[in-house]
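Chemist: Supplied in structure tokens, the structure appears directly below.
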2 protein chains.
Amino acid sequence: MGGAIGAERAGLPASGGVAAVIEALSEPFGARLSTGRALREQHANTITWLANEPPDAVVFVEDTAEVQQVVRACAAHGVPVIAFGTGTSLEGQVNAPKGGICIDLSRMNRVLAVHAEDLDCVVEPGVTRKQLNEHLRDLGLFFPIDPGADASLGGMASTRASGTNAVRYGTMKDNVVALTAVLANGEVITTARRAKKSSAGYDLTRLFVGAEGTLGIITSLTLRLSGLPEAISGGVCPFPTIRSACDAVIMTIQSGLPVARIELLDEVQVRACNAYSKLDLPEQPLLFLEFHGTEAGVHEQAERFGEIAAEFGGGPFTWTARPEERTRLWQARHDAYWACLPLKPGAKALATDVCVPLSRLADCVDETKRDIEEMGMLAPIVGHVGDGNFHTVTLVDMDDPQDVAKAKIFIERMVHRSLAMGGTATGEHGVGQGKKKYLEAEHGRETLDAMRAIKAALDPQNIMNPGKILP
Amino acid sequence: MGGAIGAERAGLPASGGVAAVIEALSEPFGARLSTGRALREQHANTITWLANEPPDAVVFVEDTAEVQQVVRACAAHGVPVIAFGTGTSLEGQVNAPKGGICIDLSRMNRVLAVHAEDLDCVVEPGVTRKQLNEHLRDLGLFFPIDPGADASLGGMASTRASGTNAVRYGTMKDNVVALTAVLANGEVITTARRAKKSSAGYDLTRLFVGAEGTLGIITSLTLRLSGLPEAISGGVCPFPTIRSACDAVIMTIQSGLPVARIELLDEVQVRACNAYSKLDLPEQPLLFLEFHGTEAGVHEQAERFGEIAAEFGGGPFTWTARPEERTRLWQARHDAYWACLPLKPGAKALATDVCVPLSRLADCVDETKRDIEEMGMLAPIVGHVGDGNFHTVTLVDMDDPQDVAKAKIFIERMVHRSLAMGGTATGEHGVGQGKKKYLEAEHGRETLDAMRAIKAALDPQNIMNPGKILP
């Protein structure tokens with residue numbers, strides 16, 4: 001269903017099955033169930049160019065039993081169920097194209113257990129990553145996955161999020177040990193034990209990570225934690241060209257340097273960051289780096305990277321172990337999205353991501369930059385390049401149909417470029433509604449049929465976040 | 001179905017659907033299809049105490065199209081298909097309790113591509129890990145997963161294998177980037193692109209890793225590679241008790257020391273190794289360690305570990321960076337299984353594994369050792385303790401029904417002990433036939449129902465390795 005239909009639906013009163021579900025849930029949930037339009041629109045897609053398609057009602061749940069209660073009511077009437085964490089997803093994952101009930105999980109925000117000796121913890125899905133790290137700080141532990149936004153951990157699991165630290169610590173796929181989920185039939189499953197590894201049956205954990213709520217609603221997560229590094233060093237290294245920066249990244253990864261973060265900013269993004277964050281970085285392609293380890297280790301890593309950079313014409317690599325300087329730098333990196341906005345006042349900044357094999361990174365970024373220039377677009381590039389993953393932040397005047405059309409063509413070309421290079425349509429943002437159309441080109445019909453068979457097996461009525469992932 | 005039925009079946013000529021399949025495949029495969037009893041028995045379970053349940057025929061395939069051809073013929077007649085790599089699985093994964101066709105993949109043993117810049121390669125499923133590492137050596141790369149046996153990579157993926165290096169490099173789950181598989185309907189799917197990460201749809205890669213051939217036959221794998229470490233150090237550290245050794249392991253992992261291997265041997269295993277490998281290790285609980293990194297890094301790691309060990313009464317930690325000494329040590333570790341056999345001449349050595357949260361490792365090993373003593377068993381303990389994973393090698397006189405019965409009770413108690421401590425029935429050997437009975441205790445009925453639904457969706461006739469994993 002298209003956005004227009006959802007937009008029309010927003011004004012209509014709920015009817016049929018949805019009305020029955022709302023009635024059934026009204027008494028038990030009282031004021032925690034709302035059909036107010038503003039609230040419903042806040043719970044649909046807000047930060048992409050996809051139309052806002054609100055659910056028919058939003059219900060604020062407080063425990064797993066309540067999630068079961070809502071899902072069972074919806075199942076009885078064939079009504080869609082959409083899980084909502086913080087609403088920071090980037091491809092329309094929380095839209096309700098077929099209406100239905102949005103389950104807001106933000107009140108399920110308790111850290112249920114921290115097992116410091118086992119380097120794991122158990123959290124409810126509404127806990128955000130910053131909240132968790134605040135909770136862990138005194139224990140010398142942290143949860144390393146950092147997608148930028150202060151997303152909920154349930155949402156991060158559901159989109160298989162990653163971010164700047166993934167090159168060292170992996171993605172949500174690697175850091176969710178187990179989860180519990182409410183299935184479309186209302187039953188609760190737990191996918192695995194707390195043991196660090198297991199060969200006991202199908203890996204349902206990884207099946208639910210990245211499923212964007214289409215197979216069930218995650219109601220708790222067991223997460224792997226890391227020890228806070230004893231020492232951190234980091235810095236900035238300029239390069240003459242994007243390609244030389246990418247080549248240095250390849251060599252860094254290949255040489256086994258356990259870099260914790262290695263981020264590329266193109267010169268457009270650097271200019272934006274300088275202006276926004278009041279920095280005076282050289283306005284050329286830059287790598288931002290961070291190393292975690294022992295005092296001696298982070299010094300050694302930084303020095304080695306400096307040597308590699310020099311081989312590719314980069315440098316000087318200015319690095320520091322002083323926290324305040326590092327923080328200032330990474331704050332600027334995290335503010336990159338916001339820094340882009342003033343480049344084109346009034347424009348919307350649309351973040352999209354692709355991920356290619358590392359050997360094709362320079363080609364993919366180069367060609368994308370050429371496209372940006374030839375199409376006369378404004379689209380800074382910033383990337384988690386240690387994983388071959390990069391973003392464009394396309395600045396679009398949403399009131400100008402030509403500008404919108406051009407941006408759509410640009411993103412489409414970028415995705416197909418990635419696919420042609422053996423890459424994926426999305427490294428970390430997920431499919432949602434926005435990237436469904438690329439999934440067959442990426443995986444082939446037979447693979448999509450297998451995904452559809454699994455979806456149908458676990459959700460025969462197609463009530464769990466319908467209209468997402470599968471085209 | 002029990003072993004006895006399979007054992008009886010072995011002598012009978014194939015009939016019905018199976019006969020039709022054998023006839024249909026005879027012409028295209030010629031001498032590559034065999035119904036000889038000895039060959040069939042070699043292709044069924046040999047190294048456990050489960051009865052040998054041979055397939056009706058073995059076919060040696062050479063490419064994906066041939067796998068499709070066999071699967072389609074079997075699907076047409078509802079005949080089971082069992083994938084076979086090297087036959088080193090430990091829970092009866094290659095048995096054919098319902099007969100059927102065994103697909104021997106050992107001739108699909110080509111390394112199809114090595115992408116050194118991307119740190120990945122593409123292999124056929126019959127390539128063994130040693131063969132791959134031989135192929136990679138000159139490139140300065142290696143594939144780190146090492147389950148001991150020179151298993152096929154398809155088989156290692158299918159049982160979600162791991163081993164000594166997993167504490168640093170992860171398991172097969174973490175090192176298979178993508179795979180192609182022939183489904184029960186004869187179609188070929190590719191689960192993912194070569195990009196290092198992706199959020200594009202359901203994680204079918206991880207679903208097939210550990211599925212033991214019950215969802216499809218893997219016909220190629222894209223594997224993540226690692227750079228050969230610049231320097232390696234390693235050594236042996238004795239401890240006064242198993243518990244103090246386990247506590248040192250916990251502290252080592254918690255402190256973030258990036259140990260590459262950390263293996264526990266109890267004093268019984270040490271005695272066996274001393275005798276078998278002509279070593280003079282102190283006959284008390286030992287940790288074998290290995291560190292990978294830069295020259296400075298491995299020295300630092302070894303020194304830090306020595307300090308941690310001393311805190312728990314362990315030591316002296318004698319370590320070396322000299323390859324020949326390390327090799328001798330790790331050869332002894334790899335020969336631990338064989339070293340056990342002379343402890344009880346004529347006995348069969350039955351390896352079983354469990355995995356618990358690290359904080360419970362000392363408890364679980366301690367209680368297991370007490371059980372061994374109280375039951376008067378001979379069962380050395382050896383473990384990948386950095387992951388909370390350990391093995392007993394139970395020595396059983398298979399001609400003595402009492403000895404067999406006792407060993408069964410012992411293993412059953414060990415599994416339930418692990419489950420009671422939040423652990424799993426198997427950390428790395430898989431479920432096969434041997435551990436099916438524990439799966440409901442581990443996961444619960446609802447989770448098993450979800451696994452069954454997925455199995456039925458992808459294999460409605462239940463022809464892919466039936467009788468494995470799901471009870």
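Just so it is clear, none of the values below were taken in a lab; they were calculated from the coordinates. Remember, predicted model here, so these are calculated numbers, not experimental data. Please note: Cβ atoms are built from the backbone with ideal geometry, for glycine as well, and neighbour counts cover all protein chains shown.
Chemist: Taking the Kirkwood radius as the inverse of the mean 1/r across Cα pairs, report the Rg/Rh of the range B:345-471.
Modeler: Values: Rg = 16.0 Å, Rh = 15.7 Å.
Result for the range B:345-471 is an Rg/Rh of 1.02.
Chemist: For the protein assembly as shown, what is Rg from Cα atoms divided by 2.2 N^0.38 Å, rounded to two decimals? Write out the running numbers ahead of the final one.
Modeler: Numbers: Rg = 27.9 Å, N = 942, 2.2 N^0.38 = 29.7 Å.
Working it through for the protein assembly as shown, the quotient is 0.94.
Chemist: For the range A:111-227, just say rounded, prolate or oblate: build the C-alpha gyration tensor, square-root its eigenvalues into a ≥ b ≥ c, call rounded for a/c under 1.5, and beyond that prolate if a/b exceeds b/c, oblate if not.
Modeler: Values: a/c = 1.55, a/b = 1.36, b/c = 1.14.
Prolate is the answer for the range A:111-227, as a/c is 1.5 or above and a/b outweighs b/c.
Chemist: How high is the relative contact order of the range A:111-227? Use alpha-carbon pairs under 8 Å, at least six apart in sequence, and give a whole percent.
Modeler: Values: 223 pairs, mean separation 38.6, N = 117.
So the answer I get is 33 percent.
Chemist: A further question follows. With no solvent and one equal point scatterer placed on each C-alpha of the range B:229-432, evaluate the Debye formula and give log10 I(q)/I(0) for q = 0.08, 0.11, 0.14 Å⁻¹, two decimals.
Modeler: Computed log10 I(q)/I(0) values: -0.26, -0.49, -0.79.
Chemist: 7 Å along Cα→Cβ for the label point: how many nanometres lie between A:Thr241 and each equivalent label in the other copies, listed shortest first?
Modeler: Between copies, matching label points for A:Thr241 lie 6.5 nm apart.
Chemist: Ranking A:Arg452, A:Arg360 by Cβ neighbours within 10 Å, fewest first, what do you get? List each step's numbers first, then the result.
Modeler: Details: A:Arg452 15, A:Arg360 23.
Arranged by neighbour count, lowest to highest, A:Arg452, A:Arg360 become A:Arg452, A:Arg360.
Chemist: Which distance in nm do the two modelled labels at B:Asp399 and A:Leu39 give, with both placed 7 Å along the Cα-to-Cβ direction?
Modeler: Each label point lies 7 Å from its Cα, and together they span 7.8 nm.
Chemist: Within the set of other residues whose C-beta is less than 10 Å from the C-beta of B:Gly126, count the net charge using Lys and Arg as +1 and Asp and Glu as -1.
Modeler: Values: positive: B:Arg107, B:Arg110; negative: B:Glu62, B:Asp104, B:Glu124.
Here the count lands on -1.
Chemist: I would also like to ask the following. Below 13 angstrom from the Cβ of B:Ala453, what's the summed charge of the other residues (Lys, Arg +1; Asp, Glu -1)? Could you put the intermediate results ahead of the total?
Modeler: Numbers: positive: A:Lys455, B:Arg445, B:Arg452, B:Lys455; negative: A:Glu187, A:Asp459, B:Glu446, B:Asp449, B:Asp459.
Counting the neighbours of B:Ala453, the net charge comes to -1.
Chemist: Return the subset of A:Lys369/A:Lys468; A:Lys196/B:Lys406; A:Lys348/B:Lys196; A:Lys197/B:Lys435; B:Lys348/B:Lys406 for which the Cα-Cα distance in this structure is over 18 Å, preserving the input order.
Modeler: Beyond 18 Å between Cα atoms: A:Lys369/A:Lys468; A:Lys196/B:Lys406; A:Lys348/B:Lys196.
Chemist: Relative to the other copies, what are the label-point distances for A:Glu62, with labels 7 Å from Cα along the C-beta vector, expressed in nm at one decimal and sorted shortest first?
Modeler: Label-point distances to the other copies, shortest first: 6.9 nm.
Chemist: Ordered shortest first, which distances in nm separate the 7 Å Cα→C-beta label point of B:Pro345 from those of the other copies?
Modeler: B:Pro345 label point versus its equivalents elsewhere: 9.5 nm.
Chemist: Same structure again: Quick one: putting +1 on the C-beta of Lys and Arg, -1 on the C-beta of Asp and Glu, what dipole do you get for the range B:337-438 around its Cα centre, in Debye to the nearest 20?
Modeler: Charge dipole, the range B:337-438, about its Cα centre: 260 debye, nearest 20.
Chemist: To continue, here is another question. Have a look at B:Ala296, B:Trp338, B:Leu257 and report the one farthest towards the positive end of the charge dipole of the range B:229-432, computed about the Cα centre with Cβ charges (Lys/Arg +1, Asp/Glu -1).
Modeler: Highest projection toward the positive end goes to B:Trp338.
Chemist: To continue, here is another question. Do the sum for chain B: with -39,500 (n - 2.57) for every DSSP H run of n ≥ 4, divided by all residues, what is the mean residue ellipticity at 222 nm, to the nearest 500 deg cm²/dmol? Could the numbers behind the result be given before it?
Modeler: Working: 18 runs with 179 residues, N = 471.
Per the formula, -11000 deg cm²/dmol.
Chemist: May I ask you to sort B:Met464, B:Met414 by Cβ crowding, counting other Cβ atoms within 10 Å and putting the fewest first?
Modeler: Fewest-to-most ranking of B:Met464, B:Met414: B:Met414, B:Met464.
Chemist: Moving on to the next point. Would you mind computing Rg(Cα) / (2.2 N^0.38 Å) for chain B, counting N as its residues? Provide the component values of the computation, followed by the final result.
Modeler: Numbers: Rg = 22.4 Å, N = 471, 2.2 N^0.38 = 22.8 Å.
It is 0.98.
Chemist: Between A:Val67, B:Pro316, B:Leu329, whose Cα lies farthest towards the positive end of the dipole of the protein assembly as shown when Lys and Arg beta carbons carry +1 and Asp and Glu beta carbons carry -1, centred on the Cα centre?
Modeler: Most positive-ward Cα: A:Val67.
Chemist: Here's something else I'd like to know. Can you sort A:Glu230, A:Glu66 from fewest to most other Cβ atoms within 10 Å of each residue's own Cβ?
Modeler: Working: A:Glu230 15, A:Glu66 21.
Fewest to most other Cβ atoms nearby, the residues stand as A:Glu230, A:Glu66.
Chemist: Rounded, prolate or oblate, given the Cα gyration tensor of the range A:231-337, with a/c below 1.5 counting as rounded? Spell out each step's value before the answer.
Modeler: Working: a/c = 2.02, a/b = 1.19, b/c = 1.69.
Note, shape of the range A:231-337 comes out oblate.
Chemist: OK, next. Tally the DSSP beta bridges in the range A:3-104 and give the antiparallel ones as a percent, rounded to 5. Don't jump to the answer; show the numbers that get you there.
Modeler: Working: 2 of 10 bridges.
In the range A:3-104, DSSP labels about 20 percent of beta bridges as antiparallel.
Chemist: If you put +1 on each Lys and Arg Cβ and -1 on each Asp and Glu Cβ, how big is the dipole of chain A around its Cα centre, in Debye rounded to 20? Mind dumping the intermediate values first?
Modeler: Details: 45 positive and 58 negative charges, 157 e Å.
With only Lys, Arg, Asp and Glu charged at Cβ, the dipole is about 760 debye.
Chemist: Given Cα pairs under 8 Å that are at least 6 residues apart, what percent is the relative contact order of chain B?
Modeler: Values: 1018 pairs, mean separation 71.3, N = 471.
Worked out over chain B, it gives 15 percent.
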